[in-house]
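The values are calculated or read from the model by the stated rules, or taken from the named source; none is laboratory data. These numbers were taken from a predicted model, which means no experiment stands behind them. So basically every Cβ, Gly included, is an ideal-geometry build from the backbone, and we count neighbours across all protein chains shown.
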Amino acid sequence: MAFRLEELARRFGGEVHGDGQCLIHAVASLERAGEGEIAFLSNVHFRRHLAHTRASAVILEPRFAAECPVNAVVTADPYLLFARIAQALHPPPPPVAGRHPTACIGQDCAISDRASIAAYAVIGDRVQIADDVRIGPGCVVEDGVSIGAGTVLDANVVLHRGTRVGARVLIHSGAVIGGDGFGFANDRGRWIKIPQLGGVEIGDDVEIGCNTTIDRGALGDTVIEEGVKLDNQVQIAHNVRVGAHTAIAGCTGIAGSTTIGKRCAIGGGVGISGHLEIADDVQLTGTTFVSQSITEKGVYSSGVPFEPTRSWRRNFMRIRQLDDMARRLAELERLVKAIRDSHETTGET
Amino acid sequence: MAFRLEELARRFGGEVHGDGQCLIHAVASLERAGEGEIAFLSNVHFRRHLAHTRASAVILEPRFAAECPVNAVVTADPYLLFARIAQALHPPPPPVAGRHPTACIGQDCAISDRASIAAYAVIGDRVQIADDVRIGPGCVVEDGVSIGAGTVLDANVVLHRGTRVGARVLIHSGAVIGGDGFGFANDRGRWIKIPQLGGVEIGDDVEIGCNTTIDRGALGDTVIEEGVKLDNQVQIAHNVRVGAHTAIAGCTGIAGSTTIGKRCAIGGGVGISGHLEIADDVQLTGTTFVSQSITEKGVYSSGVPFEPTRSWRRNFMRIRQLDDMARRLAELERLVKAIRDSHETTGET
Amino acid sequence: MAFRLEELARRFGGEVHGDGQCLIHAVASLERAGEGEIAFLSNVHFRRHLAHTRASAVILEPRFAAECPVNAVVTADPYLLFARIAQALHPPPPPVAGRHPTACIGQDCAISDRASIAAYAVIGDRVQIADDVRIGPGCVVEDGVSIGAGTVLDANVVLHRGTRVGARVLIHSGAVIGGDGFGFANDRGRWIKIPQLGGVEIGDDVEIGCNTTIDRGALGDTVIEEGVKLDNQVQIAHNVRVGAHTAIAGCTGIAGSTTIGKRCAIGGGVGISGHLEIADDVQLTGTTFVSQSITEKGVYSSGVPFEPTRSWRRNFMRIRQLDDMARRLAELERLVKAIRDSHETTGET
């Protein structure tokens, strides 16, 4: 697959400087790109590589165009244009339609002839699988699940009963969707399980990372709205709702019944308590702990800066004295004010 | 499956107000319940839904009985009674006994005729599987493992050699029990593996979440006592012991050789260092970091409150100055006291 | 398998005190060891068990030799010697060479006759598998992957396209190597996927824990250098490089394009932001959050000490006032100095 530079610009945007007839067949980094490859520059940190690049073309902002030694595609957002061009040059390998002879398929299913089901996949009864779906090897899809057109399950993915997946969803290997939520009542020290009776609804164009887990609702559903992107090892508890086009980085956990707004950007290792509401357009930096609702859009943090362990030991133990320190500080202010007032009275500075 | 309201109360507790003959076939939420469904009210936050409920009956505390517009079951602990009634109305689907023809089973196993083994499960040699066990699709059970009556393994669960599982245990999809502990000796910068020779012992009535991992002991066993509930993506290292009826929420990690007491409640994202002892009845709120043993029951925390990133940047960098601030505060107190003492001497206020 | 004590010392080091002809067939703990078993003492905490041990021999330091009631092997590093002796006494079970009849193998593969492939493993096209490799049940190895001699994949491991694994690597159950990195460009609120085109390169003698995930590079590779040890549920994002002989404990996440040095020791639950450089020989204690590069070797921390929730509530809310407190403290110092200066001028103490 190769395109003329001018064709790429016509289809995806940007203005060609240099030879629009130049043939491009792959993307690569500024440092490593060679003949026939297109690179991009979006972070000023990598500007130093521009002068030496051997790429056939570079996607960049107008401010760097003058110093580009090769063909350029000039655009306001090089990273976005790079994404579109990379998708065109590197489409996913076309799935082989059809069912592997070892795929184990239940009764009363509605499976498109254009779907592909790999070796050792296990599909339950009454499952609906639309066109161009790809079910990877070792996947387990339980009774009654529905999967929209163009959705891909990588290897060893599990979709439990009550899961409904939209179109063009990408679920990476080892993800488990629709396991029981963590719900128990306590009976004199023993835990009595609350049957988890809801499902999981996943909108269109969602991506779910490797070994990520999303629990079914207790009553009602857990909902992942359209366009949401979840990284690896994210944990979404029962009855959570994640708003459309929100992105959540790896190792983040969201406790039960919390609602996350639309277009949020949530960093890695974040923890969000249960029964909260997070507004639209909220950003949380890495390892932030959210134990109260957030009603205003904005950027929030609680990650604690590291230091050498020796001084950490001294400084962090002081956190336990902070309230005491704050009170003593206020008392000192009162005393010093009293001293100064008395000095003024007695005529001192 | 349906029950008269009075029968539910007779079997599980509570006092019926209204029509005890009313037929109940399902549980639902206060907001969504309709004809034949029973809801519950245990959190005052949802009281506003009570007046409008269309449920056939509501489980609630005596203080809300007067305002219930429909049949009621009155009890001191509505959530617990709801759990029992929900279990009765929504039993898990009965497993189909027998071995799927693709299940791959080793030699010298003792497998109950009443056990169910799903497609593509792989069972090693000398495995013992008791009555009513259900092994899900894609599970791997290694040589010599024993599984007690009524235990369920969902899909793609792995039980390594040396694992002994009690009765009525529920292990969710993707969990891995009995992987090697993380043990190495260092030889001039290189890591030399310590063979992990112990096993994992899991008591009765334990629940283990999706993609949770529990490592085998190095010497001796890792032990999960009866009634313990582990959420998704929990990590239990080698030679840990978790006391009976303790619950641990998602994304929590417990390092090697630590002992957790009985009836503890451990929040999500908690980290507990190795070789510690945590007393019985300890509660840890979300994202708490425990680096010392806890000898007294009680509630403990170290989760750091978030704030807007702009002020976070200013405030959190100051943590590195805390010890210095504390010393300066003490010095100021000394100086101010000296000034006040001298004022007293000289007759000032 | 059994060895004379003197043979163990000759092969692996240490000086025998007592009967070198004594036969040893297993390792065990000081407390539990019996006839024919060898224990070790490396932590002074366990010294109290030495007097009562029933082990046939104990590996220990010179300072404890005099009080050992049984045969001893004296060495400067008992834990390291124990590791080597335990490896000799407890070798992993020899794999059965050959392919299970249900293993599903693609075209144009180069698979050693001495490799073992278990039930329901799925191997793609053009895969290279060297001598003595063991592929566990339910593993998925995609097209073009190469696996070096002596490497072991436990159950349900996934190796995606573009993964190259060295020799003597041990990958535990449920690990996923080579899933897509988390890369998106934003187009007016919608996420546009950046195709992830790189691979994962894993050096010799690496160990990778259960359910750990390592993403493929976006452009270029994610690299795990030789001798690296990763615990369970570790997340390594795209284009990360982990330096040789670094060990990373469970639940740690490393964001994209970060480089970790050689011989680092990274505790559990650590979070490291993207695009950072961590020097060689850095140690990070548990739950440390690293948001800046570390250029000097040393030990670093940011884990926050816990306290009873009641005082935690008071103290931790004060963190939000820290900057204000620091400014007020400085102002008080200024005022107190002014008062003292004026006292000196006026002749007071």
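Before moving on, here are some points about what is shown:
- Among the residues of segment A:50-85, those that are more than 14 Å from chain C (Cβ to nearest Cβ) and touching a residue at least 24 places away in the same chain (Cβ under 8 Å) comprise A:56, A:57, A:65, A:68, A:70, A:71, A:72, A:73, A:74.
- Against the conditions (1) within 9 Å of chain C (Cβ to nearest Cβ); (2) under 23 Å from residue C:290 (Cβ atoms); (3) not polar (S, T, N, Q), residue B:300 satisfies every one except (2).
- Filter result for residue B:12 (within 14 Å of another protein chain (Cβ to nearest Cβ), surrounded by fewer than 18 Cβ atoms within 10 Å (Cβ to Cβ) and either out of contact with any His (no Cβ under 8 Å at 6 or more places or on another chain) or in contact (Cβ under 8 Å) with a residue 40 or more places away in the chain (or both)): no
- Evaluated against (1) surrounded by 15 or more Cβ atoms within 10 Å (Cβ to Cβ); (2) more than 25 Å from residue C:320 (Cα to Cα); (3) among the charged types (D, E, K, R), residue A:320 falls short on exactly one condition, (2).
- Enumeration of residues in segment B:202-221 that are part of a strand (DSSP E or B), more than 12 Å from the chain's Cα centre (by Cα) and more than 10 Å from every other protein chain (Cβ to nearest Cβ): B:202
- Test: residue in segment C:72-80 that is within 30 Å of residue A:154 (Cβ to Cβ) and in a loop (DSSP other than H, G, I, E, B): no
- If you go through segment B:227-272 and keep only what is over 15 Å from residue B:215 (Cβ atoms), surrounded by fewer than 23 Cβ atoms within 10 Å (Cβ to Cβ) and within 13 Å of chain C (Cβ to nearest Cβ), you end up with just B:265.
- For segment B:86-111, a tally of residues being within 13 Å of chain A (Cβ to nearest Cβ) and either among the β-branched types (Val, Ile, Thr) or more than 18 Å from residue B:133 (Cβ to Cβ) (or both) returns 8.
- Test result for residue A:54, farther than 30 Å from residue B:101 by Cβ, over 30 Å from the mean Cα position of the chain (by Cα) and at pLDDT 95 or above: yes
- Boolean, residue A:292 is surrounded by 15 or more Cβ atoms within 10 Å (Cβ to Cβ) and either closer than 22 Å to residue C:323 by Cα or more than 7 Å from every other protein chain (Cβ to nearest Cβ) (or both): no
- Of all residues in segment C:317-334 being in contact with an Asp or Glu (Cβ under 9 Å, 6 or more places away or on another chain) and not β-branched (Val, Ile, Thr), the one that is nearest to residue A:336 (Cα to Cα): C:332
- Close pairs (9 angstrom Cβ cut-off, 6 or more residues apart or separate chains): over 15 Å from residue A:201 (Cβ atoms) in segment A:242-262, modelled with pLDDT under 95 and basic (Lys, Arg) anywhere: none
- Boolean, residue B:171 is out of contact with any His (no Cβ under 9 Å at 6 or more places or on another chain), of a type in the set (A, V, I, L, M) and crowded, with 24+ Cβ neighbours inside 10 Å: yes
- Test: residue in segment A:128-138 that is part of a loop (DSSP other than H, G, I, E, B) and surrounded by fewer than 19 Cβ atoms within 10 Å (Cβ to Cβ): yes
- Filter result (under 20 Å from residue C:321 (Cβ atoms) and within 7 Å of chain C (Cβ to nearest Cβ)) within segment A:303-317: A:303, A:304, A:305, A:316, A:317
Rundown of residues vs (1) touching a Gly at 6+ places or on another chain (Cβ under 9 Å); (2) at pLDDT below 95; (3) closer than 17 Å to residue A:118 by Cβ; (4) more than 12 Å from chain B (Cβ to nearest Cβ), yes/no style:
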position	(1), (2), (3), (4)
A:134	yes, no, yes, yes
A:148	yes, no, no, yes
A:157	yes, no, yes, no
A:167	yes, no, no, yes
A:172	yes, no, yes, yes
A:187	no, no, no, no
A:191	yes, no, no, no
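- Residues of segment B:58-72 classified as exposed (fewer than 12 other Cβ atoms within 10 Å of the Cβ) and among the small types (Gly, Ala, Ser), total: 1
- Residue tally, condition part of a helix (DSSP H, G or I) and farther than 16 Å from residue B:321 by Cβ, over segment C:323-349: 13
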